[in-house]
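Shown next, in structure tokens, is the structure this report addresses.
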Amino acid sequence: DLAGAIELLDGITAYQDAARKKQEYAYQAAVAALEYNDLATASAFFVQAGDYQDARALAQNAADQYYADAYEAAVAAMERQDYKTVTEVLSPLSQEYLTGKYADIPNMYKEACYQYANALYRDKKPFEALKYYRQILDYKDVKETRLNRFVYNVMGTWTGKDTEMEFREDGTCVIDGRKYYYYAPN
């Protein structure tokens, strides 16, 4: 369990050769990840390996293989303000193990989700926008303003004196057992 050993060595880096062992184990874990074609994990472990053997070069190589095509496509789409494409290209990528060259992927993804969700909302598609807002809850004014709109606040089950209503996230609602669609722009 190389990952477990690395974690344990994190707590004792000042002890004898623990720091060097951590780098060695990280390198071995990266090589194992490469065997399974898990490039993101391999890159992360190579980064942890630091200056052990050729880890720095291998980290960048693995990251380039994993991120480069999607990153270039996302940058080009951002320049065209094609935010939907940016979200589609970046969403399947791991954002846990980013090297310096690709460190702006999380922010690019968040901004694309934000802009695309805003466009969907303006196009009277608040339920499609909700999916993207939920991916970036702590970004800009999403939680305080965007998700505080009436159309999102009405979602849920409401019970009155003689009425029961359920407003769903897909734009459907059930009022007294009858199904409807709803839209609440303001």
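If you plug the beta carbon distance of Asp69 and Gln28 into 1/(1 + (r/R0)^6) with R0 = 30 Å, you get a FRET efficiency near 0.60. The residue list Tyr133, Phe167, Pro106 was ranked by how far each Cα lies along the charge dipole of the stretch 106-182 toward its positive end, using unit charges on Cβ atoms, and Pro106 comes out on top. Among the protein heavy atoms, those of Glu96 account for about 140 Å² of accessible surface (1.4 Å probe, every chain in place). Does the stretch 23-117 come out rounded, prolate or oblate, given a ≥ b ≥ c as the square roots of the eigenvalues of its C-alpha gyration tensor, rounded meaning a/c under 1.5 and, failing that, prolate meaning a/b above b/c? It is prolate, given that a/c is not under 1.5 and a/b is the larger ratio. Residues of the stretch 105-129 with amide nitrogen under 18 Å from the 7 Å Cα-to-Cβ point of Glu169? Zone members listed by number: 113-114, 117-118, 120-121, 125-129.
Among the protein heavy atoms of the chain, carbon and sulfur supply 49% of the accessible surface, probe 1.4 Å, non-protein parts ignored. Largest to smallest in accessible area, the residues Leu130, Leu8, Leu98 fall in the order Leu8, Leu98, Leu130 (1.4 Å probe, all protein chains included).
Largest first, the residues Asp138, Asp10, Asp123 sort by 1.4 Å accessible area into Asp138, Asp123, Asp10. Given a 1.4 Å probe and the protein chains as shown, Ser43 ends up with an accessible area of around 0 Å².
In the frame of its principal axes, the chain has Cα extents of 73, 40, 29 Å, reported largest first. In this structure, the residue pairs whose Cα-Cα separation is over 23 Å, taken from Lys84/Lys124; Lys125/Lys161; Lys110/Lys179; Lys84/Lys125, are Lys125/Lys161; Lys110/Lys179. Accessible area per residue for the chain is 60 Å², calculated with a 1.4 Å probe on protein heavy atoms, without ligands, DNA or RNA. Accessible area ranking (1.4 Å probe, heavy atoms, ligands and nucleic acids excluded), largest first, for Arg80, Arg149: Arg80, Arg149. Among the chymotrypsin sites (Phe, Trp or Tyr not before Pro) in the stretch 25-68, which ones are in a DSSP loop with at most 10 other Cβ atoms within 10 Å of the Cβ? Mind listing them? Sparse-neighbourhood loop chymotrypsin sites (Phe, Trp or Tyr not before Pro): Tyr36.
Quick one: net charge around Glu72, please, counting Lys, Arg +1 and Asp, Glu -1 for every other residue with C-beta under 15 Å from its C-beta. Neighbour charge sum, excluding Glu72 itself: -4. Accessible surface for Asp69 stands near 120 Å², nearest 10, in the context of the full protein assembly shown (1.4 Å probe).
Using the alpha-carbon atoms, what tilt in degrees (0 to 90, nearest 10) does helix 105-122 show relative to the longest principal axis of the chain? In the chain, helix 105-122 runs at an angle near 10 degrees to the longest axis.
The values are calculated or read from the model by the stated rules, or taken from the named source; none is laboratory data. Note that this is a predicted model, so its numbers are computed, not measured. Counting neighbours? That spans all protein chains shown, and the Cβs are built from the backbone with ideal geometry, glycine included. When the accessible area is computed, the model is the full protein with side chains, heavy atoms only, and any ligands, DNA or RNA have been set aside. Shrake-Rupley method; radii C 1.70, N 1.55, O 1.52, S 1.80 Å.
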